[in-house]
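Contents: one structure, followed by commentary.
The values are calculated or read from the model by the stated rules, or taken from the named source; none is laboratory data. As the structure is a prediction and not an experimental result, all values here were calculated from the model. Neighbour counts run over all protein chains shown; Cβ positions are idealised from the backbone, glycine included. Heads up: the accessible areas ignore ligands, DNA and RNA and are worked out on the full protein's heavy atoms, side chains in. Shrake-Rupley method; radii C 1.70, N 1.55, O 1.52, S 1.80 Å.
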Amino acid sequence: MTEEQAGEAATAPVRPATARGSRNDHTRRHNLSALIRAVHYGGPLTRAQLTRETGLNRSTIGGLVAELAALDLVAEDAAAETGGVGRPSLIVRPRREVVALALHPDVDAIELGAVAIDGTVLARRRASVDAPPTPRDALAFAWEAAREIADELPGSRVVGIGAAVPGLVAIDGDTIVDAPHLGWRSFALATALTDALELPATVGNDANMGLRAEWSYGAARGVDSVVYLNGSASGIGGAALVGGRMLRGGRGYGGEFGHMMIRSDGDVCSCGRTGCLETELNAPRLDAVAHDAAELDALAGTLATAIANLECAFDPDLVLLGGYLGALYDARRDLVTARARELAFRPEADDIVVARAALGGNRLLIGAAERAFAPLLSDPAGVELRPLA
Ligand SMILES: [Zn+2]
């Protein structure tokens, strides 16, 4: 599954149809999906809350919860409903034994995590590297780390593995077309992960997965028009949610905002062009001017210029900044926001909202896991989970 859509939670439940056979089955699967999504994104919910959230009646909810419980995807605990009158309501919670693995190879480290179906990072392994890892290094690390994590989390059942890669990933969710900082080209990583770990695997661009995580559990929760910029050791990654859907472009390469030109007379970028955002505003440059207020102001101005350009293109409800861009924003919040509003094309741009991403070091693991969970969330009864071993 190569789904890039973040707005899956918008799926409305279907009321039980009176027709029998396949239509009933379709309705049941659709409603199972609505229910598992509700607890996936919303955490433990009472049956009353589920009724409100999905619009389904109480007895239908009861049947669906029983089915999800039989699949060992949720559990029910008796707990008093605060402020309620009468019988204590049962609380439906997603089972943390249901996990996805998440891999993040980067220039300075490789990381593998196990993320529960409620978005909690349960376990992680990280290996620092002196030189960018090869695909072979990443696969060997993933194999080893998965075994260690299996020992740490006995009884877990895994839906698959997602990988977040700093580079261009083909629309098939398998092939890394070009990850320049890693030096990986035309490598079918999802296929290789499936072969190595015997799990369904999917691969995506790291910034897309970062934004997806923030949309599900972080600072962009519930906001369907978002522009995201993340500064890391691999440069600046970009992604955009447009009307609840991840911007992909025709070939899956959309959102490379780190390479939009910010200065025609700027420095030469790793991509070969001149004056790209990630060349004008990178971590070494930021470190070098950390104690020079005027230089820091200038870099904050560069960030504001980038935000104003993206405002023109996307008119987002939220501009979300992660990594060193989040840190720069924190150091110069007023300047960045004021300058971006000043430079914005649209009238009355005083409502431009800029925020720092919330999930920190967990973001890419959660985002990659979100991708691995997607088939299960779409069809909870139709996806096979395997013991994590
Ligand atoms: Zn560039």
Check your understanding: Share of antiparallel DSSP beta bridges in segment 222-357, in percent to the nearest 5?
Key -> 55 percent
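Can you order the peptides 32-43, 260-271 by their average number of other Cβ atoms within 10 Å per residue, highest first? All intermediate terms of the calculation are to be shown ahead of the outcome.
Values: 32-43: 21.6, 260-271: 13.8.
Taking the mean over residues of other Cβ atoms within 10 Å, the ranking is 32-43, 260-271.
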Exercise for review: Per residue of segment 308-323, in order, report the coupling 6.51 cos²θ - 1.76 cosθ + 1.60 (Karplus, θ = phi - 60°) as ³J(HN,Hα) in whole Hz, putting x for Gly and Pro.
Suggested key: 5, 4, 5, 4, 4, 6, 10, 6, x, 7, 8, 10, 10, 10, x, x
Exercise for review: Give the carbon-plus-sulfur fraction of the accessible surface of the chain in %, rounded to a whole number; probe 1.4 Å, heavy atoms of protein chains only.
Suggested key: 50 percent
Practice item. Considering Cα pairs under 8 angstrom that are at least six residues apart, work out the relative contact order of the chain and quote it in whole percent. Key: 18 percent
**Study point:** Protection proxy ranking, peptides 52-64, 110-122, 207-219, average beta carbon neighbours within 10 Å, highest first
**Key:** 207-219, 110-122, 52-64
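Which whole-number value in Å² is the accessible area per residue of the chain, probe 1.4 Å? Spell out each step's value before the answer.
Working: 16760 Å² over 389 residues.
Accessible surface, normalised per residue, equals 43 Å².
How big is the antiparallel share of DSSP beta bridges in the chain, given as a percent to the nearest 5? If you can, show how the numbers build up before the last one.
Details: 41 of 60 bridges.
The antiparallel proportion sits near 70 percent.
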Revision key, fill the gap. One finds the C-alpha centres of segment 161-206 and segment 360-389 to be spaced, in Å, by 16 Å
